[in-house]
Amino acid sequence: MLLIKDILDQKPIGTSHSVKGWVRTFRSNRFIALSDGSTIRTLQAVVDFEKFDEALLKRITTGAALSLIGDLVSSQGKGQDVELLVESLEVLGDSNVEEYPLQPKKHSMEFLRENAHLRMRTNTFGAIMRLRHSLSFAVHEYFNKNNFFWMHTPIITGSDAEGAGEMFNVSVLDKKNPPLKEDGSIDYSQDFFAKETNLTVSGQLEAELGALALSKVYTFGPTFRAENSNTSRHLAEFWMIEPEVAFADLNSNMDLAEDFLKYVIAYALENCKHDLEFLESRLVEEEKMKPQNERSALPLREKLQFVADNNFRRVSYTEAIDILRNSKPNKKKKFKYIIEEWGADLQSEHEKFLVQHFNAPVILFDYPANIKAFYMRLNEDGKTVRAMDILFPGIGEIVGGSQREERHDVLLEKMKEFSIDPEELQWYLDTRKFGTCVHSGFGLGFERLVLFVSGMTNIRDVIPFPRTPGNAEF
Ligand code: 4AD
Ligand code: MG
């Protein structure tokens, strides 16, 4: 049995075929648009209503599962090259029109989120699912071609890689009556792992251990953040890609990130043509409701091509602060957070401004040490670290990374400053004692990448079942 994608690509005319799929529309009691999700395109199946029972035809409703057998012929009608002349038709699963939520009309994104168990059957979410797959595949292909090893870092951990304390606790203790220590705090020594554990916020620290043995590794797995950020850019559960490379400094880290992003975006352009074409027109429709100045400057695929073809702009934090301080929105107090002085943490409004200012993806580097994580390499100036963030148009931060502090004494000092117990991270410090070396890596939020490539506006709409504050349905 061929998938609809293969039938439409190969057009094996003149032979009989069996296809299975779900009805999108049935018009004039004659034309079925059948989808099996293998492609965004539907197969037109033509039924001669005189040949079939009226009762059977009545059951061809939107959402019903069908099995069809018929000859593939070239189509007389507009809109398709081939069509299936149905000889045998079986309804595998009925779909009651009165009850089925997805009728062939426009549904709001909010409605589709509430019906996320069915939304993969729509054009938009089918396209996003296929795009997610292709981008994941491109990620693995890129790293495999470049001699990286995929490393499976733990999902349950005892450490907080980012030191931000935004973790989901993992415990099997009796919540109503947990065992207590003498000081009244919970006694995790009696818990499943005999210590306090959490869902990981990042696989980086373990990936560093891998890089310092295998030279080049990457992770690609789920990460969890219990931050109460109800925005269109944040998920509580998201997938992260984290390459880590030994003997690589920040410059080669930036080169890697840029090359990698360009590769996966070009891959999607090449391999998701039909889906991107659809997503591009969807975005045009969506933006018709917006004022001109809020619409995308370029059509989706041109935007992607631009990013794939042009150099990212590399700008130091210090330069960026100067630009921001002298910017119109800062002087006219249009920013919510006015940039007063060097050392300020950048908000998404500032990141957006910088991307617009340079009219290209921007890599910011050398941030103040105190607004970045403990593991970043301290610069000779003693106040900045070898950090980098990549900012994308419409997205803001898509990548965060750094060169790592490889000096044992400096790292130990830093951990103390950040109130991190060196004993908890003894294994991490060990790598700085035995064959330490310059090394670097970064993290790419996979959903932010899918958001960018798909042109969707809310991160909840690029993952099948989003987890956000107050929501863990399905
Ligand atoms: O900047 P972050 O927090 O960096 C790290 O976790 C490092 N350990 C990465 C590394 O150097 N190996 O997160 C990295 C990226 C962000 O740039 C963003 O794209 C994404 O992860 N991200 C989120 N995506 C969706 N929802 C959230 N709540 C996210 N938080 C971070
Ligand atoms: Mg970050």
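The values are calculated or read from the model by the stated rules, or taken from the named source; none is laboratory data. Note that the structure is predicted; figures quoted are calculated from it, not measured. So basically every Cβ, Gly included, is an ideal-geometry build from the backbone, and we count neighbours across all protein chains shown. When the accessible area is computed, the model is the full protein with side chains, heavy atoms only, and any ligands, DNA or RNA have been set aside. Shrake-Rupley method; radii C 1.70, N 1.55, O 1.52, S 1.80 Å.
Here's the yes/no breakdown for (1) surrounded by fewer than 21 Cβ atoms within 10 Å (Cβ to Cβ); (2) in contact (Cβ under 8 Å) with a residue 12 or more places away in the chain:
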residue: Glu405; (1), (2): no, yes
residue: Glu423; (1), (2): yes, no
residue: Phe442; (1), (2): no, yes
residue: Asn458; (1), (2): yes, yes
residue: Pro464; (1), (2): yes, yes
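Does any residue of the stretch 453-462 turn out to be more than 15 Å from ligand 1 (Cβ to nearest atom) and under 18 Å from the mean Cα position of the chain (by Cα)? I'd like the intermediate steps shown before the answer.
Filtering the stretch 453-462 for residues more than 15 Å from ligand 1 (Cβ to nearest atom) gives 455.
Next cut, under 18 Å from the mean Cα position of the chain (by Cα) only: 455.
Within the stretch 453-462 (the criterion being more than 15 Å from ligand 1 (Cβ to nearest atom) and under 18 Å from the mean Cα position of the chain (by Cα)), the answer is yes, since at least one residue qualifies.
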Selection from the stretch 411-421 of residues farther than 26 Å from Asn251 by Cβ and either without any contact (Cβ under 8 Å) to a residue 12 or more places away in the chain or open to solvent by 100 Å² or more (accessible area, probe 1.4 Å) (or both) yields Lys416, Glu417, Ser419, Asp421
Of (1) touching a residue at least 40 places away in the same chain (Cβ under 8 Å); (2) within 16 Å of ligand 2 (Cβ to nearest atom); (3) open to solvent by 40 Å² or more (accessible area, probe 1.4 Å), Ile155 satisfies every one except (2)
Problem - Residue check for Val91: under 23 Å from Lys20 (Cα atoms), among the hydrophobic types (A, V, I, L, M, F, W, C) and modelled with pLDDT under 95 - result: no
Reported set for the stretch 159-178 where residues are open to solvent by less than 30 Å² (accessible area, probe 1.4 Å) and either under 20 Å from Ala207 (Cα atoms) or polar (S, T, N, Q) (or both) is Ser159, Ala161
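Kindly indicate whether any position in the stretch 283-295 is open to solvent by less than 50 Å² (accessible area, probe 1.4 Å), closer than 24 Å to Tyr142 by Cβ and either away from ligand 2 (no atom under 16 Å from the Cβ) or touching a strand residue (DSSP E or B) at 6+ places or on another chain (Cβ under 8 Å) (or both).
no
How about the stretch 225-259: which of its residues are acidic (Asp, Glu) and either open to solvent by 50 Å² or more (accessible area, probe 1.4 Å) or more than 8 Å from ligand 1 (Cβ to nearest atom) (or both)?
Result: Glu237, Asp249, Asp255, Glu258, Asp259.
Quick one: count up the residues across the stretch 397-413 that are within 9 Å of ligand 1 (Cβ to nearest atom) and under 23 Å from Glu351 (Cα atoms).
We begin by selecting, within the stretch 397-413, every residue within 9 Å of ligand 1 (Cβ to nearest atom); these are 397-402, 404.
Next cut, under 23 Å from Glu351 (Cα atoms) only: 397-402.
Going through the stretch 397-413 one residue at a time, the tally reaches 6.
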Answer yes if at least one residue in the stretch 181-188 is in contact with a strand residue (DSSP E or B) (Cβ under 8 Å, 6 or more places away or on another chain), polar (S, T, N, Q) and either in a loop (DSSP other than H, G, I, E, B) or touching a residue at least 12 places away in the same chain (Cβ under 8 Å) (or both), and no otherwise. no
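Where in the stretch 370-474 are there helices (runs of 4 or more DSSP H), lying wholly inside it, with at least 1 residues that are of a type in the set (Asp, Glu) and away from ligand 2 (no atom under 16 Å from the Cβ)?
Qualifying helices (runs of 4 or more DSSP H): 408-417, 426-430.
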Checked the stretch 310-323 for anything over 17 Å from Thr384 (Cβ atoms) and open to solvent by 90 Å² or more (accessible area, probe 1.4 Å); matches are Asn311, Arg313
Given (1) within 16 Å of ligand 1 (Cβ to nearest atom); (2) closer than 27 Å to Ala268 by Cα, Ala369 misses just (2)
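Looking only at the stretch 324-342, decide whether some residue is within 16 Å of ligand 1 (Cβ to nearest atom) and surrounded by fewer than 19 Cβ atoms within 10 Å (Cβ to Cβ). Explain how you work it out, then say what you get.
Filtering the stretch 324-342 down to residues within 16 Å of ligand 1 (Cβ to nearest atom) leaves none.
Within the stretch 324-342, none of the residues are within 16 Å of ligand 1 (Cβ to nearest atom) and surrounded by fewer than 19 Cβ atoms within 10 Å (Cβ to Cβ).
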Selection from the stretch 345-365 of residues open to solvent by 30 Å² or more (accessible area, probe 1.4 Å) and away from ligand 2 (no atom under 15 Å from the Cβ) yields Glu349, Lys352, Phe353, Gln356, His357, Phe358, Asn359
Please work out if Glu447 is touching a strand residue (DSSP E or B) at 6+ places or on another chain (Cβ under 7 Å), open to solvent by 50 Å² or more (accessible area, probe 1.4 Å), within 10 Å of ligand 1 (Cβ to nearest atom) and not hydrophobic (A, V, I, L, M, F, W, C).
no
Of the candidates Val438, Val399, Val385, Val453, the one satisfying the condition of being β-branched (Val, Ile, Thr) and without any contact (Cβ under 8 Å) to a residue 40 or more places away in the chain is Val385
